[in-house]
Amino acid sequence: MNPAPSIVFFTTASGAGYGLLFWLGLLRPLGIVPATPAFALVCLVLALLLITAGLVSSMLHLGNPTRAWRAFSQWRSSWLSREGVAAVVTYVPAIGFGAALLADLPGLATLAGLLAAVGAAVTVWCTAMIYASLKPIRQWHHPLVAPGYLLLAGYSGMALLAGVSALGGVVGGPASFIITLGLAALVLKLAYWRMIDGGDPVATAESATSLGFIGKVRPLDPPHTESNYLLREMGFRIARKHAASLRTIVLVGGFAAPILLALLATQIGGGVALPALALGALLALAGLLVERWLMFAEATHTVTLYYSGR
Amino acid sequence: MTCLPEITPGQKKLGLVIDLDTCVGCQACATNCKEWNSSGHSGPLPDLKPYSAGAEGVWFNRVHSYEAGEGADGRTVHFPRSCLHCETPDCVTVCPTGASYKRIEDGIVLVDHDICIGCGLCAWACPYGAREMDEDEGVMKKCTLCIDRIYNETIPEAQRQPACVLTCPTNARHFGDLGDPESDVSKLVAARGGQDLMPELGYKPVNKYLPPRKRSSAAATPQEAVPTAMDIKNPLLRWMDKVLTR
Amino acid sequence: MPEAPTPSQLRPLASPSPDKHVEYSTPIGDTVKTTTCYMCACRCGIRVHLKDGQVRYIEGNPDHPVNKGVLCGKGSAGIMTQYSPAKLRAPLKRIGPRGSGEYAEISWDEALETATGWLKHVRETDPRQLAFFTGRDQSQSLTGFWAAQFGTPNFAAHGGFCSVNMAAGGLYTIGGSFWEFGEPDWDRAKYFLMFGVAEDHDSNPIKMGLAKMKARGAKFISVNPVRTGYSAIADEWVGIRPGTDGLFALALAHELLRTDQIDLEFLARYTNASWLVVRNPGGADDGLFARDEAGKPLAWDRARGAVDASLVDLSAVMVGDFTLADGRKAQPVFQLMAERYLAPEYAPEAVAERCGIEAARIRTIAAEIADVAFNQAITLEQPWTDVWGRRHETMVGRPVAFHAMRGISAHSNGFHSCRALHVLQMLLGAVDTPGSWRYKSPFPRPIPPGPGPAGRGAKPNTPLAGNILSFPHGPDDLLVDDDGNPLRIDKAFSWDAPLALHGMMHTVIGNAGIGDPYKIDTLFMFMANMAWNSAMNPGEVIRILTEQQPDGEYTIPHVIYSDAYYSETVPYADLILPDTTYLERWDCISILDRPIGSAHGAGDAIRQPVLKPDRDVRPFQDVLIELGSRLGLPAFTKPDGSPRWKDYPDYIVNHERMPGVGPLAGFRGADGTKKGVGEPNPDQLQRYIDNGCFWRDHLPPEQSYYKHANKDYLEQSKAMGLMGKSDQIVMQIWSEPLQKFRLAAEGHGTRQPPDRLRERVRTYCDPLPIWYAPLEHTGQDLGEFDLSAITQRPMAMYHSWGSMNAWLKQILGSNKLYMARARGAALGIEQDDWVWVESRAGRLKCQVALMEGVNPDTVWTWNAIGKRSGAWNLDPGSTESTKGFLLNHVISEWLPAQEGFRQANADPVTGQAAWYDLRVKVSKCAPGEEGITSPHPETLGLPPHMPDRPDILRYSTKAKP
Ligand SMILES: Nc1nc2c(c(=O)[nH]1)N[C@H]1C(S)=C(S)[C@@H](COP(=O)(O)OP(=O)(O)OC[C@H]3O[C@@H](n4cnc5c(=O)[nH]c(N)nc54)[C@H](O)[C@@H]3O)O[C@H]1N2
Ligand SMILES: Nc1nc2c(c(=O)[nH]1)N[C@H]1C(S)=C(S)[C@@H](COP(=O)(O)OP(=O)(O)OC[C@H]3O[C@@H](n4cnc5c(=O)[nH]c(N)nc54)[C@H](O)[C@@H]3O)O[C@H]1N2
Ligand code: SF4
Ligand code: SF4
Ligand code: SF4
Ligand code: SF4
Ligand code: SF4
Ligand SMILES: [Mo]
């Protein structure tokens, strides 16, 4: 699949934003992050900025952005519609959360925060399901995709949260969460890659053409000599070597380095913690951009069976 | 709306049956489709950079050719590909706007271009590559099964068929109700063992593909026993005494 | 057989429930007009729907006998040909050097004045100095007539490089041909062998016919080095080596003779198998038919000895050595034929290796053919009367049908290979019988059909009497001077190519370039892309067209060209006469030329304008007629010097070639009730329009088959003016005209070939079909040039016409060289690799595609996809010119020169260009050479006022919301 920059940015940014919102709403009542309204507000604004930037970017992908509002109508069947609804709905408690903080209504803030956390999780789940429900794309229609989205959103949100809480002088809790989430994400990603590398194709040129009864099917002439929308959108192929090095970048830069930096922050603390965690957050986000890019680049669509036979 | 209609037994399922045994890959169905639809329900079907490098456009029907098998058993097969008007297609259910819909009354899958936001998700959800983005207008388009022909009362009855079906010089395309087991197309499918494409995806395509027929085996065996030129001195003598009349 | 369109199998759908997004019943357009498609030469009937004066939809005319409602991929894309930005806009005069593409637009008056000036001078001095050659046109009855009126023998259409081998092979053998003058019995054949056909002129009828055959369960065998298109749906694909079909056919004949599975009765009745051939080695009459005093060929009657072979009560003896009354020895044709093909050299084992087909397979095919012909014969309960006046209660058919085209034709042994196929048909008794190959109206015709070609004695200001392209019967009909040198610029009808029935357009520019046999003043071309895809070796053509003599004059001083589009040839003309498109003009698919007749009856058709041109262009036929009157050609001028014809429609309706015979055969006579012969009908064109722009005669069932010996048919045909006589047309296994050329070569008669050509004429003018290796192959190292290279027509493109069509060009915007996967592996070549393709004549660079279904010793590509940069108003970066390539760049128009003489790379009998004899070697490009084709001649400039190329094309006649 063609890694459209707007979508890659969208899932990374709003994923991190929702992750941040989620943890903020959830952990604040548990006292694991700084309790000051200022801290919460900073996190909240950051989260909403990322979410909004992501959503706006995703609209760039539309052929007809002015009609985007129509996308809320089909929540009964469409994960994309559900995502839209969830995203919009989540703004309500999120903004309520902020208002309660400003108005100094701690009880309401906690409740709104928790609701926002639920909204964030649901939204990310919906986003994930958009991809996970696409049967023609085997690398997406995969049991680890939705958990992966949640986990990565949580991980990147946590990395941000840790950075901000380090600003507020709190290091321990969030940073150790980074390590746990990061390790979990790393294991999940490794498992996912293993599985998609070895997985059976969902269909073959033989089944796509119904000609398998004759023998192996190879394309002879395409219907058109130049490209088209489908090929540009779905015909993208990444070289194995290239993919392997990008995976390494993701593992090292996106997971290992932030984990190590978080370890560093928890072990050394003090003046090191803030820059370590801030750098960790940046690396995690950058790593996830690459991961998301790969998520597309490594995905194959059955339509290419018709053109290249694979 | 993008929920799929309940399929009841005997429900009308309009679709195409494509005979891979006679298709010669002439592209008539593809160009005639383009021609009809350019000014039809979904028109225009834009062409980008039409006279330069990278010319491409929106087509609802594209004809591939494949080679299957090797050696003496190998075959070349021409293969037209268009929307299969699936019974349970995710291209409809994924649509966030309701632009993509499957009609209850005949099973035709259509896009309402007035509300489509051009998100492209339905194209991702279609395993068969049957959806075509009009990148100029920013909306998705696709085969309409010539909805503006098949019911068109201004066209003579015999012509109320999809453009691609009427134009096909080898009669490799048939149109009809595949929900009715007694229809000509259903009988054809039954007789010729019509196939689904990628049945493993579970979309239950309505369109069927008739497989290339088994090659007829040798009808006669060579006569080795007859004397050869080498055997008898003058094989011409055989004809010497043949009595021939006008 | 009924010709009505097959009724649609669909019951009308019930009215749908309303859907607010759908308008179910929008009328297609506001106007509909019928005319004839011209996206190729197949002549399908179309209905053009217009909306607000724009083309909404073009569909097949369901009532039309050719296509019965279907349209092919090209025909369906007519809209984009009509609205192409490559259309020429106004008459042009060259203002820069030739080839520069610098022009000025001029008025029609100036254009016609200029042309008249040049042509008048030529006509007044030496009319031969006009070479008038036309390409893909369908108005040869007008253009040929015009040329004869002008007085130049140098006229032909493109047939000499196209399919003359098929035309000549058929017309000199069975009186019809595979090429436009015959068709398989699609409704009854049980076994169908197709040789070397990718698409053919009968584009839609073949497709419809194959579908019918398959539906009936007939067996279809395609003999073709490549398994695509029609071959893909064949029951069996025989991947023969190029150029060896004749050998394969003769091996089949060998098998049929060896196993005595032949229709001896048919041979005796309908062919010259029983005719006696004089055996007098070294004598002037050797190999000629023994004839009686009246000149009638003799056969040996069992009871009476030598008698008139046409006698109804003949009981012919087919084998034996006979002595004629005058003491000469004679043998029946059958014996000579059987002797030859029974020889071991034609045994399947002997040819298998060469043809690339296993001997066992050849045997099996022969057995199958025989089985179907003799054990599965068809008997129709259809009485008919033969030429001897005898009524037969049934028609017996041998349901084995053959068809062949350029895979046979485009070889230098194609004439004989084609004849070999016809001999095979005759052995089976499978000519115009139920289930076999059938004549298409207006054929059969006498063998050969008419008098010899006109062209001798061209004089200033004097028309030539007769047809310029006609049928030599022997040396006396050749167009040669007393020394045996050619009279025509292309050397057609000379000892170089005695049966060059269609001229030799491929040699015109080359010959004119070196003034052999003489120089010309004006080259006038119409609808032929001679500086590109219809040239063998376009680079050389371009060199000659731009060559200047020391005095600065071009070697060919004047070039006039009529095209409708900015093709590669336009920049090489001095004067351009822009034509209309096929939707903008009248045309006449004339009974005098290549009409739409079929086995079911005669027919012809017209085109009517459905759109008004939006540019300053004029139909070429109108222009030619006006030039005719400006030049004062007798048939184009009234006695007072004023124009005889107002325009082409006037000519179509009122011109009479012979009394009562004109361009159109239908609706003749003052009231439109006569067919074939009848006075002009002023309403004729309207009658055609009312009838869907065609006319079709329907043969009664008793005339459907055995037309060569069917009394009613032959008499009817004569009555309609299609033939001069209603005699039996006896098929010619032994060809006497060929023997006459051979005798001349052996030193007999007053007209003899020059010494350098004697051996050649003697060898190739064999009265029985022979096989020889393609001439091109004999002169080179086949070890080095180890691959045969051929082209195929893509179904969705018509030569160069498709690339300016925005839809068609997407389907095939560039081409690759296809090669067997195993061969590629052996050469270290992978899919899409760039390679050099080298022949003895040059080299080119292109990309490779690997496939299974191709003869391993053959490479091939789609024809005419490569375009010259800048032509056709395409962006110079278009894939047509960066990746597309023409195989023509490595094809030589000459055989390697021998002793100072160069011979066209052509069939030695017919002059047919031998495109498919090409041999090449293929090797991978050096790194860095990939990415662009070679040769890649410089970008052509555009003529003035060509429209911009849009970035987005949104063609639609739909009301904009
Ligand atoms: N390598 C290779 N070369 C081949 C062949 C092959 O098989 N292989 N085939 C050969 C054969 S059989 C043929 S017939 C030739 C065909 O080759 P050409 O005779 O050159 O035919 P085209 O390229 O179709 O078109 C000729 C010209 O007609 C012009 N034209 C189109 N429509 C109109 C019109 O309405 N009016 C006028 N005035 N002009 C029009 C086009 O613009 C084009 O310039 O190619 C030959 N060349
Ligand atoms: N779509 C389309 N239709 C056309 C045309 C076009 O350009 N496009 N051109 C028209 C013209 S001008 C012509 S002349 C006709 C020609 O129509 P065809 O006769 O169909 O011409 P080609 O495409 O040259 O096909 C020749 C076939 O012969 C095969 N072949 C080559 N060499 C040999 C051989 O030695 N033996 C055998 N058995 N096969 C061989 C090739 O693989 C190819 O399949 O088509 C006409 N119709
Ligand atoms: S029109 Fe018919 S023969 Fe031609 S490509 Fe389409 S299905 Fe095949
Ligand atoms: S073929 Fe594709 S677009 Fe058509 S109904 Fe099926 S899934 Fe949808
Ligand atoms: S592109 Fe249009 S039709 Fe397709 S899913 Fe998006 S909104 Fe629906
Ligand atoms: S049914 Fe109509 S829209 Fe669909 S492929 Fe055929 S011509 Fe095109
Ligand atoms: S075969 Fe196609 S292009 Fe040729 S005349 Fe018929 S419809 Fe037109
Ligand atoms: Mo041709």
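The values are calculated or read from the model by the stated rules, or taken from the named source; none is laboratory data. Bear in mind that the values here come from a model prediction, so they are computed numbers and not experimental data. Here the Cβ is made from the backbone with ideal geometry for all residues, glycine too, and neighbour counts use every protein chain on show. The protein model used for the area step is the full one, side chains on, heavy atoms only, and it has no ligands, DNA or RNA in it. Shrake-Rupley method; radii C 1.70, N 1.55, O 1.52, S 1.80 Å.
Could you list, in sequence order, the residues of segment B:139-154 that are at the interface with chain A (Cβ under 7 Å from one of its Cβ atoms) and in contact with a helix residue (DSSP H, G or I) (Cβ under 8 Å, 6 or more places away or on another chain)? Quick ask: steps written out before the conclusion?
Of the residues in segment B:139-154, the ones at the interface with chain A (Cβ under 7 Å from one of its Cβ atoms) are B:139.
Listed by number, the list is empty, since nothing qualifies.
Among the listed residues C:ASP593, C:ASP579, C:ASP551, identify the single one that is of a type in the set (D, E, K, R), away from ligand 8 (no atom under 16 Å from the Cβ), in a loop (DSSP other than H, G, I, E, B) and open to solvent by 10 Å² or more (accessible area, probe 1.4 Å). If you could, list the steps in order and put the result at the bottom.
Numbers: C:ASP593 fails: away from ligand 8 (no atom under 16 Å from the Cβ); C:ASP579 fails: open to solvent by 10 Å² or more (accessible area, probe 1.4 Å).
So the residue among C:ASP593, C:ASP579, C:ASP551 that is of a type in the set (D, E, K, R), away from ligand 8 (no atom under 16 Å from the Cβ), in a loop (DSSP other than H, G, I, E, B) and open to solvent by 10 Å² or more (accessible area, probe 1.4 Å) is C:ASP551.
Picking from C:GLU626, C:GLU568, C:GLU584, which residue would you name as being of a type in the set (Asp, Glu) and buried (at least 24 other Cβ atoms within 10 Å of the Cβ)? Steps first, answer last, please.
On the way: C:GLU626 fails: buried (at least 24 other Cβ atoms within 10 Å of the Cβ); C:GLU584 fails: buried (at least 24 other Cβ atoms within 10 Å of the Cβ).
Just one listed residue meets the conditions, C:GLU568.
Of the conditions (1) within 8 Å of chain A (Cβ to nearest Cβ); (2) surrounded by 24 or more Cβ atoms within 10 Å (Cβ to Cβ), B:ILE108 clears all except one; give me its number.
The failed condition is (1).
Sort out which residues of segment B:156-168 are at the interface with another protein chain (Cβ under 7 Å from one of its Cβ atoms) and either assigned to a loop (DSSP other than H, G, I, E, B) or within 16 Å of ligand 8 (Cβ to nearest atom) (or both), and write them in order of number.
Of all residues in segment B:156-168, those at the interface with another protein chain (Cβ under 7 Å from one of its Cβ atoms) come to B:157-158, B:160-161, B:166-168.
Of everything in segment B:156-168, those that are at the interface with another protein chain (Cβ under 7 Å from one of its Cβ atoms) and either assigned to a loop (DSSP other than H, G, I, E, B) or within 16 Å of ligand 8 (Cβ to nearest atom) (or both) turn out to be B:ARG160, B:GLN161, B:CYS168.
Would you call C:GLY450 more than 16 Å from ligand 1 (Cβ to nearest atom) and without any contact (Cβ under 8 Å) to a residue 40 or more places away in the chain? Break it down into steps so the answer makes sense when it comes.
Numbers: more than 16 Å from ligand 1 (Cβ to nearest atom): yes; without any contact (Cβ under 8 Å) to a residue 40 or more places away in the chain: yes.
Spelling it out, C:GLY450 is indeed more than 16 Å from ligand 1 (Cβ to nearest atom) and without any contact (Cβ under 8 Å) to a residue 40 or more places away in the chain.
Can you tell me which residues in segment B:111-125 are over 18 Å from B:GLY43 (Cα atoms), within 8 Å of ligand 5 (Cβ to nearest atom) and either within 7 Å of another protein chain (Cβ to nearest Cβ) or at pLDDT below 95 (or both)?
The first filter runs over segment B:111-125 and keeps only residues over 18 Å from B:GLY43 (Cα atoms), leaving B:119-125.
Still in the list and also within 8 Å of ligand 5 (Cβ to nearest atom): B:119-123, B:125.
Matches in segment B:111-125: B:CYS119, B:GLY120, B:LEU121, B:ALA123, B:ALA125.
With respect to A:LYS216, is the statement that it is surrounded by fewer than 18 Cβ atoms within 10 Å (Cβ to Cβ) and within 14 Å of chain B (Cβ to nearest Cβ) true? Spell out the reasoning first.
Values: surrounded by fewer than 18 Cβ atoms within 10 Å (Cβ to Cβ): yes; within 14 Å of chain B (Cβ to nearest Cβ): yes.
The answer is yes for A:LYS216.
Give segment C:610-629 a look and list any residue that's touching an Asp or Glu at 6+ places or on another chain (Cβ under 6 Å) and either aromatic (Phe, Trp, Tyr) or part of a helix (DSSP H, G or I) (or both), or say none. Outline the logic, then answer.
From segment C:610-629, those touching an Asp or Glu at 6+ places or on another chain (Cβ under 6 Å) are C:611, C:613, C:620, C:622; that's our starting set.
Of everything in segment C:610-629, those that are touching an Asp or Glu at 6+ places or on another chain (Cβ under 6 Å) and either aromatic (Phe, Trp, Tyr) or part of a helix (DSSP H, G or I) (or both) turn out to be C:PHE620, C:ASP622.
Given the options C:ASP832, C:ASP781, C:ASP857, C:ASP766, name the one that is without any contact (Cβ under 8 Å) to a residue 12 or more places away in the chain and more than 16 Å from ligand 3 (Cβ to nearest atom). Lay out the reasoning, then the answer.
Working: C:ASP832 fails: without any contact (Cβ under 8 Å) to a residue 12 or more places away in the chain; C:ASP857 fails: without any contact (Cβ under 8 Å) to a residue 12 or more places away in the chain; C:ASP766 fails: without any contact (Cβ under 8 Å) to a residue 12 or more places away in the chain.
Residue meeting the stated conditions: C:ASP781.
Are there any pairs with C-beta distances below 7 angstrom linking a residue in segment C:151-165 that is free of Cβ contacts under 8 Å to residues at least 40 places away in the same chain and open to solvent by less than 10 Å² (accessible area, probe 1.4 Å) to a residue that is more than 16 Å from ligand 7 (Cβ to nearest atom) and polar (S, T, N, Q), with the two at least 6 apart or on different chains, and if so which?
Cβ pairs passing all conditions: none.
Take segment C:63-89 and flag every residue that is more than 16 Å from ligand 3 (Cβ to nearest atom) and over 23 Å from the mean Cα position of the chain (by Cα). First the steps, then the outcome.
Taking segment C:63-89 first, the residues more than 16 Å from ligand 3 (Cβ to nearest atom) are C:63-66, C:79-89.
Correct list: C:ASP63, C:ILE79, C:MET80, C:THR81, C:GLN82, C:TYR83, C:SER84, C:PRO85, C:ALA86, C:LYS87, C:LEU88, C:ARG89.
So in segment B:126-136, with the set limited to residues that are under 16 Å from A:HIS61 (Cα atoms) and facing chain A (nearest Cβ under 7 Å), which one is nearest to ligand 5 (Cβ to nearest atom)?
At the first step, the residues of segment B:126-136 found to be under 16 Å from A:HIS61 (Cα atoms) are B:132-136.
Those still in the list that are facing chain A (nearest Cβ under 7 Å) too: B:132-133, B:135.
Details: B:GLU132: 11, B:MET133: 7, B:GLU135: 11 Å.
Top of the filtered list is B:MET133.
Would you check which residues across segment C:340-373 are facing chain B (nearest Cβ under 10 Å), within 20 Å of C:GLN425 (Cβ to Cβ) and of a type outside the set (Gly, Ala, Ser) and list them? Before you say what the answer is, go through the steps one by one.
Filtering segment C:340-373 down to residues facing chain B (nearest Cβ under 10 Å) leaves C:341-344, C:346-348, C:359-372.
Filter once more, so that each one left must be within 20 Å of C:GLN425 (Cβ to Cβ): C:341-342, C:346, C:348, C:362-372.
Passing the criteria: C:TYR341, C:LEU342, C:TYR346, C:PRO348, C:ILE362, C:ARG363, C:THR364, C:ILE365, C:GLU368, C:ILE369, C:ASP371, C:VAL372.
With the checklist (1) at negative phi; (2) away from every other protein chain (no Cβ under 14 Å) in hand, flag the one item C:ALA218 doesn't pass.
It is condition (2) that C:ALA218 fails.
Given (1) within 16 Å of ligand 7 (Cβ to nearest atom); (2) more than 30 Å from C:GLY466 (Cα to Cα), where does C:LEU92 come up short, assuming only one miss?
Only one criterion is unmet by C:LEU92, namely (1).
Could you list, in sequence order, all residues of segment C:55-71 that are open to solvent by less than 10 Å² (accessible area, probe 1.4 Å), within 8 Å of chain B (Cβ to nearest Cβ) and part of a loop (DSSP other than H, G, I, E, B)?
Hits for segment C:55-71 are C:ASN67, C:LEU71.
Which one is farthest from B:PRO211 (Cα to Cα), of the residues in segment B:66-80 that are open to solvent by 10 Å² or more (accessible area, probe 1.4 Å) and either in a loop (DSSP other than H, G, I, E, B) or within 8 Å of chain A (Cβ to nearest Cβ) (or both)?
Residues of segment B:66-80 that are open to solvent by 10 Å² or more (accessible area, probe 1.4 Å), as a first pass: B:70-73, B:75, B:78.
Of the ones still in play, those that are also either in a loop (DSSP other than H, G, I, E, B) or within 8 Å of chain A (Cβ to nearest Cβ) (or both) are B:70, B:73, B:75.
Numbers: B:GLU70: 17, B:ASP73: 15, B:ARG75: 12 Å.
My answer is B:GLU70.
Tell me whether segment C:804-822 contains one or more residues that are out of contact with any Ser or Thr (no Cβ under 7 Å at 6 or more places or on another chain) and open to solvent by 20 Å² or more (accessible area, probe 1.4 Å).
Taking every residue of segment C:804-822 in turn, at least one turns out to be out of contact with any Ser or Thr (no Cβ under 7 Å at 6 or more places or on another chain) and open to solvent by 20 Å² or more (accessible area, probe 1.4 Å).
For segment B:1-25, give me each residue that is within 7 Å of another protein chain (Cβ to nearest Cβ) and open to solvent by less than 10 Å² (accessible area, probe 1.4 Å).
Once the filter is applied, which keeps residues that are within 7 Å of another protein chain (Cβ to nearest Cβ) and open to solvent by less than 10 Å² (accessible area, probe 1.4 Å), segment B:1-25 yields B:THR2, B:ASP21, B:THR22, B:VAL24.
How many residues are under 13 Å from B:LEU110 (Cβ atoms) and either of a type in the set (A, V, I, L, M) or within 14 Å of ligand 5 (Cβ to nearest atom) (or both) when one looks only at segment B:137-160?
9
Within the bounds of segment B:80-97, is there any residue that is under 13 Å from the mean Cα position of the chain (by Cα) and free of Cβ contacts under 8 Å to residues at least 60 places away in the same chain? Steps first, answer last, please.
Initial filter on segment B:80-97 (under 13 Å from the mean Cα position of the chain (by Cα)): B:80-85.
Checking the rest, the ones that are also free of Cβ contacts under 8 Å to residues at least 60 places away in the same chain come to B:81.
Looking for residues that are under 13 Å from the mean Cα position of the chain (by Cα) and free of Cβ contacts under 8 Å to residues at least 60 places away in the same chain, one finds at least one in segment B:80-97, hence yes.
If I go through segment A:172-213 residue by residue, how many of them are of a type in the set (D, E, K, R), open to solvent by 20 Å² or more (accessible area, probe 1.4 Å) and either away from every other protein chain (no Cβ under 14 Å) or more than 14 Å from B:VAL77 (Cα to Cα) (or both)? Before the answer, list the steps.
So the first thing to find is which residues in segment A:172-213 are of a type in the set (D, E, K, R), and the list is A:189, A:194, A:197, A:200, A:206.
After this cut, where a residue has to be open to solvent by 20 Å² or more (accessible area, probe 1.4 Å) as well, the list is A:194, A:197, A:200, A:206.
Subsequent filtering for residues that are either away from every other protein chain (no Cβ under 14 Å) or more than 14 Å from B:VAL77 (Cα to Cα) (or both) retains A:194, A:197, A:200.
Result for segment A:172-213: 3.
Consider C:SER417 carefully, then state whether it is within 16 Å of ligand 8 (Cβ to nearest atom) and away from chain B (no Cβ under 14 Å). If you could, list the steps in order and put the result at the bottom.
Numbers: within 16 Å of ligand 8 (Cβ to nearest atom): no; away from chain B (no Cβ under 14 Å): yes.
The answer is no for C:SER417.
Mind checking which residues of segment C:869-901 are at positive phi and open to solvent by 10 Å² or more (accessible area, probe 1.4 Å)? First the steps, then the outcome.
First, pick out the residues of segment C:869-901 that are at positive phi: C:870, C:872-873, C:899-900.
If the condition is that a residue be at positive phi and open to solvent by 10 Å² or more (accessible area, probe 1.4 Å), then C:GLU899, C:GLY900 are the ones that fit.
Residues checked against (1) at pLDDT below 95; (2) within 14 Å of chain B (Cβ to nearest Cβ); (3) surrounded by fewer than 24 Cβ atoms within 10 Å (Cβ to Cβ); (4) away from ligand 5 (no atom under 16 Å from the Cβ):
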{"position": "C:GLN903", "(1), (2), (3), (4)": "yes, no, yes, yes"}
{"position": "C:VAL909", "(1), (2), (3), (4)": "no, no, no, yes"}
{"position": "C:ALA914", "(1), (2), (3), (4)": "no, no, no, yes"}
{"position": "C:GLY928", "(1), (2), (3), (4)": "no, no, yes, yes"}
